[in-house]
Amino acid sequence: MFKVYRKLFAYVPEKRYLIYVSVVLSVLSTFAAAGAYYYLYVFFDRLIVEGDFSGSVFYAWVIFGLLIGGNAVYFIGVLASHVLGFRLETNLRKRGIDGLAGASFRFFDLNSSGRIRKIIDDNASQTHSIVAHLLPDIANALAKPFLLLIVGFIVSLRVGICLTILTVAAVLLYAGMSGETQFMKYYQQALERLSAESVEYVRGIQVVKIFNADARSFKALYEAIRDYAKFALNYSMSCKVPWVLLQWFMFAITAILVPFIFLLSGIFTHGPETALELLMLMLLSGVMFSTIMKVMYVVMYSFNGGMAVDKLENMYEEMHKDTLQHGTRESFLNYDIEFDHVTFGYGEKPVLKDVSFTLKQNRSYALVGASGSGKSTIAKLISGFYKVDKGAIKIGSHPLGEYSENALLENIAFVFQDVKLFKTTLYENVALADRNAGREKVMEAFRRAGCESILDKFKDRENTMIGSKGVYLSGGEKQRIGIARAILKDAKIVIMDEASAAVDPENEHELQKAFAELMKDKTVIMIAHRLTSVRNVDEILVIEDGKVIERGNDKELMAEDSRYRFFQELYAQANEWRVREHA
């Protein structure tokens, strides 16, 4: 338990003093409550045993003062713990956001957005609960049982013994409830999986509606629901018998003890004293039950809190586990790209297996192969998106890890199939590639990318807003804006991943001209399923099962019985397919 709190408090060093404020005030409130129970005994003793009504009034005011004062002190302690809890939750969320901003691409490949959100949001909330609510309760739960037992023995030996027996029985029964700790672990894992899959299901609700599907159509979600139901039921059933016995002991045991105490104590000779003992026993046993319940919740929530902080810290570590570590080298000797016995996989299964090849600067290359062969992986590794498992990737004879992050960002441009534009002006969408570029350079990039016809469509031209409060562009138009951005960046290495795959026919000619402008005097790596677009590159690399199996230009590879020729012939046949009217 205390190990969990040490971990949590490391995230709020500026508010650490509130820990001691909350604990000290909570302990003081516990002593005040115990004092109130003691003076309640004195009050009843004066009133019932001695029959001194006027003398008992003073103790009534003492009880009132202790209860009011104790509750006020407890309130201030809880307020301090809540301030600490909210700051902790805020800091954990900030840590998560900062971690996501610098997380490796492999992290996002292996973790769904639903799971990431679940772990950060829900577990940060859980850590708030165990600090804001349970920090004062821990001090209360640890001190109060001992103080209650002391009050019980002050009342009488019999009350103290009975209260001790009840407490020991309750602790043993609680131990029976918490014995199956693995149930709680599996239950929490099932709940986490259910939440993550539910988020993904809701995000894809458009597809669900279009195809008239339900949760059973989504195997992962359906299995998550069934697992959660199974573990929730099993966990509840494992606690049923000890929980019922615990309540029976704490609530019904006094009814069983009444005749026993009456017979042994001589009710007729010591009637008032025995009645007072029974009254205090019932009162103190009820308070003890509520205290033991607090202990139960403290242990349960500290277990959950421990799991929560472990999940958060594991996620923080996982975010940066595969991030490429950057060096200090700022300049490149040349822009030759070399794969030196590179092995890489997103999970346990490798995608690339001991791959070695060299790409010379200022030449154009195309990566060709079936889906899943490793083409896009090669492109992403060149960009420094991932850290390789084995081997090295070099640019200018030096490994990527020796260059600074800024050097790689400035010298490698990536044009994706789905260009992302921001909800700002067309001008700003291009200018962000080089914040030091003047207006003249930005407009030149527009011109070279063939975007003049796009600007002419709008009254505000380059100052036109994009997005929900502005205009929307077609796929080809967005690609040309993206190319203008890449032209302005003027990186020496350009990677195009399926950049023309979804272009409409009206934009294809303009897009090809924009590509030609972008590729001038650059090292270009192109990935394309549209094989007609790779015929004119300097060299083609055929990738299969994570290895380069063929290499050459279009003419050379087509002259052989090559895998590339097979792809080209298959592509040509597919282009001849037509839907014919049935006779």
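For (1) open to solvent by 60 Å² or more (accessible area, probe 1.4 Å); (2) among the aromatic types (Phe, Trp, Tyr), each residue gets a yes or a no:
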position: 28; (1), (2): yes, no
position: 36; (1), (2): no, no
position: 43; (1), (2): no, yes
position: 55; (1), (2): no, no
position: 61; (1), (2): yes, yes
position: 81; (1), (2): no, no
position: 103; (1), (2): no, no
position: 130; (1), (2): no, no
position: 145; (1), (2): no, no
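Could you run through the range 484-503 and say how many residues are at pLDDT below 55 and in contact with a helix residue (DSSP H, G or I) (Cβ under 8 Å, 6 or more places away or on another chain)? Steps first, answer last, please.
Taking the range 484-503 and keeping what is at pLDDT below 55, we get 501-503.
Restricting the remaining residues to those that are in contact with a helix residue (DSSP H, G or I) (Cβ under 8 Å, 6 or more places away or on another chain) gives 502-503.
Selection size over the range 484-503: 2.
Residue 543 fails exactly one of the following numbered conditions: (1) at pLDDT 75 or above; (2) assigned to a helix (DSSP H, G or I); (3) open to solvent by less than 80 Å² (accessible area, probe 1.4 Å). What is the number of that condition?
(2)
For the range 410-432, what are the residues that are modelled with pLDDT of 80 or more, within 14 Å of residue 489 (Cα to Cα) and open to solvent by less than 30 Å² (accessible area, probe 1.4 Å)?
411, 412, 413, 429, 430, 431
Residues that are touching a helix residue (DSSP H, G or I) at 6+ places or on another chain (Cβ under 7 Å): find the helices (runs of 4 or more DSSP H) completely inside the range 29-141 holding 3 or more of those. Reasoning before the result, please.
Numbers: elements: 53-101, 105-110, 113-117, 123-132.
Filter on the range 29-141 gives 53-101, 113-117, 123-132.
This table checks each residue for (1) touching a Lys or Arg at 6+ places or on another chain (Cβ under 7 Å); (2) of a type outside the set (S, T, N, Q).
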{"residue": "344", "(1), (2)": "no, yes"}
{"residue": "351", "(1), (2)": "no, yes"}
{"residue": "356", "(1), (2)": "no, no"}
{"residue": "361", "(1), (2)": "no, no"}
{"residue": "374", "(1), (2)": "no, yes"}
{"residue": "378", "(1), (2)": "no, yes"}
{"residue": "382", "(1), (2)": "no, yes"}
{"residue": "386", "(1), (2)": "yes, yes"}
{"residue": "391", "(1), (2)": "no, yes"}
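Pairs needed: first member in the range 70-83, under 17 Å from residue 36 (Cα atoms); second member anywhere, open to solvent by 60 Å² or more (accessible area, probe 1.4 Å); C-beta distance under 7 Å; at least 6 residues apart or different chains.
Close Cβ pairs (under 7 Å, with a partner that is open to solvent by 60 Å² or more (accessible area, probe 1.4 Å)) amount to 73/28.
Search the range 429-452 for residues that are assigned to a helix (DSSP H, G or I) and pair each with any residue that is open to solvent by 60 Å² or more (accessible area, probe 1.4 Å) when their beta-carbon atoms are under 8 Å apart and the residues are at least 6 apart or on different chains.
429/422; 446/452
Would you please name the residue that is most open to solvent (accessible area, probe 1.4 Å), looking only at residues in the range 324-372 that are touching a helix residue (DSSP H, G or I) at 6+ places or on another chain (Cβ under 7 Å) and within 22 Å of residue 522 (Cα to Cα)?
330
Taking residue 379 as the residue in question, decide whether it is part of a loop (DSSP other than H, G, I, E, B) and closer than 17 Å to residue 551 by Cα. Lay out the reasoning, then the answer.
Working: part of a loop (DSSP other than H, G, I, E, B): no; closer than 17 Å to residue 551 by Cα: yes.
Judged against the criteria, residue 379 is not a match.
List the residue pairs whose Cβ atoms are under 6 Å apart, where the first residue sits in the range 159-181 and is part of a loop (DSSP other than H, G, I, E, B), the second is modelled with pLDDT under 75, and the two are 6 or more positions apart or on different chains.
Here the result reads 180/238, each pair linking the range 159-181 to a residue that is modelled with pLDDT under 75.
The values are calculated or read from the model by the stated rules, or taken from the named source; none is laboratory data. Quantities reported herein were computed from a predicted structural model and do not represent experimental measurements. Counting neighbours? That spans all protein chains shown, and the Cβs are built from the backbone with ideal geometry, glycine included. For the accessible areas, the whole protein counts, side chains as well, though only heavy atoms, and no ligand, DNA or RNA atoms are used. Shrake-Rupley method; radii C 1.70, N 1.55, O 1.52, S 1.80 Å.
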